[in-house]
Amino acid sequence: MSGKMQLNRRRFLAAAGAAFGAPYFIPSSVFAAPGRPGANERITVALIGAGGRGNGLMKELDRSDVGHEAQTVAICDVDENRLANSLKSYEPGVKPYRDYRYILERKDIDAVVIATPDHWHAVMTVHAAECGKHIYVEKPACCTIEEGKKMIEAVNKAKVACQVGSQGRSQPEAYMMHRYLVNGNIGKVSKVWAWHYVSPSDNSPVPDSDPPPELDWDAWLGPLRWRPYNRRYLPGSFRWMMESGGGQIRDRGAHVMSCAMWWMGADGTGPVTVEAKNVVFPTQGVWDACVEMEVTYEFKNPDWTLIWAQKGEKTHPDAPPAEERAPNENQISRPGYGAIYFGDKGQCHHWGGDGGTWAEKKVREWQPGPGAKDVRKSPGHFEDWFEGIKTGAKTIMNIEAAVGVANLTILGNLSAILGRKLQWDQEKYTIVGDAEAQRLMSRPQRYPWVF
Amino acid sequence: MLAKKLEPVSAAAAAVTALAAESKAAEDAVGQLLAKIKDKSDKVRYEGISGAGPVGAAAVKPLVQTMADGEMEVARAARRALWNIVRYAGRPKARKESAAVVKELLAALAADAPVNVKRELMWMISELAGDEAVEPIAALIQHKDLREDARMVLQRLPGKKSLAALRTALETAPEEFRPNIAVSLRARGQKVAGYPSANLEPTLQTKVQVLDAAALAQAEKEAKETKQSKRKGKKQ
């Protein structure tokens, strides 16, 4: 595409936005094929982070109702072997990259799917927004409070659609739970008790070493401060590193607590106190995320308590056992996590909270009567994202909501590593009365992987 | 009368005795901590790590030395114990303890230690310190392996002195490092002329090639064959 063409597209988008008062999406392919407008109106997508999760997401996108509207044109990874192997799963002509910024430079790419380790989410999201790309970014949105603020600013400034991968909000039984709760079936909810099994410990620690030749270790670290390579850091085990993954509370907490914030109508709010107790860390190795923890979040006006309880061996000792379901029903495949909602007229619970969300039987069987309140029903997580791209509608797991949930996980981990209760001021968006904790709300980034 | 005259001497003696007892207790606590950190059992080491916080400044120097221990897990345990001391000292209303820990960390940073240990110390300092850390950290801007960490730590250290140190570094650091400094100054809300950030300029090249239809078909064929041979292997 010529520079003139790019300018024309930008000008057109600005004019269209001004004329219609809302974002108005024109696929870049329309402009990429002069003389053939409309011949190819698919949304061009690039994947950043071509590991198991990234490739899995692209398959999900392909299978979704909007799969036919998407065209994957580029993939990126800092591991050459993974990049080469992933490429085989896509159409001919998909361009491989090591540096995601080449993708951001391409004017023919409309959207990016970011499925990297967590420590990359914020920088890539901000950069992608600055380059006008629509964004699907894996959860949790951010690793620090400051990162989340920057993501919100960048996405809103660029007026791009951003969907964060807490896809529990888009599940059919999540809709049922939400509707059941807002219609007062268990009365006023005062406590949500989320349970999860423990984060793993490393029983076979290894020394630091040189990185394998196929891996660009420096690029893998990106904004993180430099340290020697250790093969326990990756690929999936980044999850057990506090700086890059943060353990189960950030992985599944970003799902189960996302449901809680959504159903409690608490998006945009925050707790007043956060306290981690009964914290157990790994006894050896480089993994440092909490093995066990119990975090209590107190919310005010309205008053309610959210508890993240991560303990027990395989699953939580107090978790409800998996419900037996009829063979023709949606079976519970992940009963090891979920949440119980306590109201003044009863309680209800669900298992999972991510791509698998299963509500208990009474919730599924409840039929809304006349005058019952309805709630937003997502057409599917990718479908909802594409709706946002095409119409400018706010996505169901928009960046503000996702950062709010990520903040819960960040504060929970901060309380755990500092060993003390934290006070949070949502309006001022800061930790109160703890200078060290305040410093840890942000993390200077390594150049050039900076905002 | 005689008793009264002797009183100050007794009080001073009592104070000396109390100090000696305190010092002995601190010494014992450090000794016990180090013994746990150097234990062969990960469970015992973990006890040491978990209880390190209140041992405080007195344990900093020996723990820093143990961070370079040849036994991998002992070195890691020392590092984690030291982090717990930092986090404990950083609690609200513990300014004296925090200052004592920072003093020891800065002394350790000035002494001989492996680069990776120094790097860790700098980040510990970044959580607690104020102006007293600016000069020693700023000096490390001249250290090729530590300058990026030094720049990030200066960015985090609050106050005008760290800001001034960044400003000075913008003029004195090697030319190729000045864009890094400019990033920190901008992050601190300062206007910087020149040295634009190259954060959106792609540089890293892959050797992986685009697959055309023929290459993709060949890859699919090979994958199929590999799968089949694996299946055969399993059957045999």
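Do we find that A:Ala158 is in the same structural domain as A:Leu47 (by TED's automatic domain parsing) and not basic (Lys, Arg) in this structure?
Criteria met by A:Ala158.
For the stretch B:195-211, does any single residue satisfy the condition of being away from chain A (no Cβ under 14 Å), of a type outside the set (A, V, I, L, M, F, W, C) and surrounded by 10 or more Cβ atoms within 10 Å (Cβ to Cβ)?
No, the stretch B:195-211 has no match at all.
Do we have A:Trp193 as outside any loop (DSSP other than H, G, I, E, B) and under 26 Å from A:Glu147 (Cα atoms) here?
In short, no.
In the stretch A:215-288, which helices (runs of 4 or more DSSP H) lie fully inside it and hold 1 or more residues that are free of Cβ contacts under 8 Å to residues at least 40 places away in the same chain?
Because the criterion is at least 1 residues that are free of Cβ contacts under 8 Å to residues at least 40 places away in the same chain, the helices (runs of 4 or more DSSP H) in the stretch A:215-288 that meet it are A:217-221.
Take the conditions under 26 Å from A:Gly246 (Cα atoms) and either modelled with pLDDT of 95 or more or not small (Gly, Ala, Ser) (or both) and apply them to A:Cys131. Does it pass?
Here the answer is no, as A:Cys131 does not meet what is asked.
So which helices (runs of 4 or more DSSP H) stay within the stretch A:349-424 end to end and still have 2 or more residues that are more than 22 Å from the chain's Cα centre (by Cα) and of a type outside the set (S, T, N, Q)?
Output list reads A:361-365, A:399-418.
Inspect the stretch A:191-202 for any residue being touching a residue at least 12 places away in the same chain (Cβ under 8 Å), within 30 Å of A:Lys377 (Cα to Cα) and of a type in the set (Gly, Ala, Ser) and give the result as yes or no. Give the steps one after another, and end with the answer.
Filtering the stretch A:191-202 for residues touching a residue at least 12 places away in the same chain (Cβ under 8 Å) gives A:191-202.
Then keep just the ones that are within 30 Å of A:Lys377 (Cα to Cα); that gives A:191-197.
Next, from what is left, pick out any that are of a type in the set (Gly, Ala, Ser): A:194.
For the stretch A:191-202, residues touching a residue at least 12 places away in the same chain (Cβ under 8 Å), within 30 Å of A:Lys377 (Cα to Cα) and of a type in the set (Gly, Ala, Ser): present.
Going by what's in this entry, would A:Asp202 be described as in a loop (DSSP other than H, G, I, E, B) and buried (at least 16 other Cβ atoms within 10 Å of the Cβ)? Before you say what the answer is, go through the steps one by one.
Values: in a loop (DSSP other than H, G, I, E, B): yes; buried (at least 16 other Cβ atoms within 10 Å of the Cβ): yes.
The answer is yes for A:Asp202.
For the stretch A:397-451, which residues satisfy the criterion of being farther than 24 Å from B:Tyr88 by Cβ and within 12 Å of chain B (Cβ to nearest Cβ)?
A:Gln445, A:Arg446, A:Tyr447, A:Pro448, A:Trp449, A:Val450, A:Phe451
If we keep just the residues of the stretch A:64-80 that are of a type outside the set (A, V, I, L, M, F, W, C) and at the interface with chain B (Cβ under 9 Å from one of its Cβ atoms), which is surrounded by the most Cβ atoms within 10 Å (Cβ to Cβ)?
Among them, the one singled out is A:Asp77.
Tell me which of these A:Lys188 doesn't satisfy, since it passes every other one: (1) under 18 Å from A:Thr409 (Cα atoms); (2) away from chain B (no Cβ under 14 Å); (3) surrounded by fewer than 19 Cβ atoms within 10 Å (Cβ to Cβ).
For A:Lys188, the exception is condition (1).
Within the stretch A:130-143, count every residue that is over 15 Å from A:Gly388 (Cβ atoms) and surrounded by fewer than 21 Cβ atoms within 10 Å (Cβ to Cβ). Working first, answer last.
Looking only at the stretch A:130-143, we keep the residues that are over 15 Å from A:Gly388 (Cβ atoms), and these are A:130-131, A:138-143.
So of that shortlist, the ones also surrounded by fewer than 21 Cβ atoms within 10 Å (Cβ to Cβ) come out as A:130-131.
Going through the stretch A:130-143 one residue at a time, the tally reaches 2.
Condition first: of a type in the set (Lys, Arg) and under 24 Å from the mean Cα position of the chain (by Cα). Now tell me which residues in the stretch B:7-46 satisfy that. Walk me through how you get there before you give the answer.
Of all residues in the stretch B:7-46, those of a type in the set (Lys, Arg) come to B:24, B:36, B:38, B:40, B:43, B:45.
Those that are of a type in the set (Lys, Arg) and under 24 Å from the mean Cα position of the chain (by Cα): B:Lys36, B:Lys38, B:Lys43, B:Arg45.
In the stretch A:86-103, which residue that is within 25 Å of the chain's Cα centre (by Cα) and more than 7 Å from chain B (Cβ to nearest Cβ) is surrounded by the most Cβ atoms within 10 Å (Cβ to Cβ)?
A:Tyr100
Against the conditions (1) closer than 30 Å to B:Ala89 by Cα; (2) free of Cβ contacts under 8 Å to residues at least 12 places away in the same chain; (3) not in a loop (DSSP other than H, G, I, E, B), where does B:Ala217 fall short? Just the number, please.
In the conditions (1) closer than 30 Å to B:Ala89 by Cα; (2) free of Cβ contacts under 8 Å to residues at least 12 places away in the same chain; (3) not in a loop (DSSP other than H, G, I, E, B), B:Ala217 misses (1) alone.
What number goes with the only condition from (1) within 16 Å of A:Trp220 (Cβ to Cβ); (2) surrounded by fewer than 20 Cβ atoms within 10 Å (Cβ to Cβ) that A:Lys59 does not pass?
Going through (1) within 16 Å of A:Trp220 (Cβ to Cβ); (2) surrounded by fewer than 20 Cβ atoms within 10 Å (Cβ to Cβ) one by one, A:Lys59 breaks only (1).
Pick from the stretch A:158-173 the residues that are among the small types (Gly, Ala, Ser) and outside any helix (DSSP H, G or I): which of them is farthest from A:Glu138 (Cα to Cα)?
Ranking the candidates gives A:Ala161 first.
Against the condition within 27 Å of A:Ala406 (Cβ to Cβ) and more than 10 Å from every other protein chain (Cβ to nearest Cβ), how does A:Trp226 come out, does it pass?
The answer is no for A:Trp226.
Looking at the stretch A:303-324, which of the residues that are at pLDDT 95 or above and not polar (S, T, N, Q) is surrounded by the most Cβ atoms within 10 Å (Cβ to Cβ)?
That would be A:Trp308.
Do any helices (runs of 4 or more DSSP H) entirely within the stretch B:1-115 hold 1 or more residues that are within 13 Å of another protein chain (Cβ to nearest Cβ) and surrounded by 14 or more Cβ atoms within 10 Å (Cβ to Cβ), and if so, which? Lay out the reasoning, then the answer.
Numbers: elements: B:2-37, B:42-50, B:60-66, B:72-89, B:95-110.
Per the criteria, B:2-37, B:42-50, B:72-89, B:95-110.
In the stretch A:406-423, which residues are over 11 Å from A:Gly246 (Cα atoms) and either of a type outside the set (A, V, I, L, M, F, W, C) or without any contact (Cβ under 8 Å) to a residue 24 or more places away in the chain (or both)?
Result: A:Asn407, A:Ser415, A:Leu418, A:Gly419, A:Arg420, A:Lys421, A:Gln423.
A:Asp384 passes all but one of (1) closer than 30 Å to A:Asp110 by Cα; (2) in contact with a Gly (Cβ under 9 Å, 6 or more places away or on another chain); which number fails?
Just one mismatch for A:Asp384, condition (2).
Does B:Glu97 meet the test of being of a type in the set (D, E, K, R), out of contact with any Leu (no Cβ under 9 Å at 6 or more places or on another chain) and under 15 Å from B:Leu82 (Cα atoms)?
yes
The values are calculated or read from the model by the stated rules, or taken from the named source; none is laboratory data. Please read these numbers as outputs of a predicted model, since none were measured by experiment. A quick note on method: Cβ atoms are made from the backbone with ideal geometry, for glycine too, and the neighbour counts reach across all protein chains shown.
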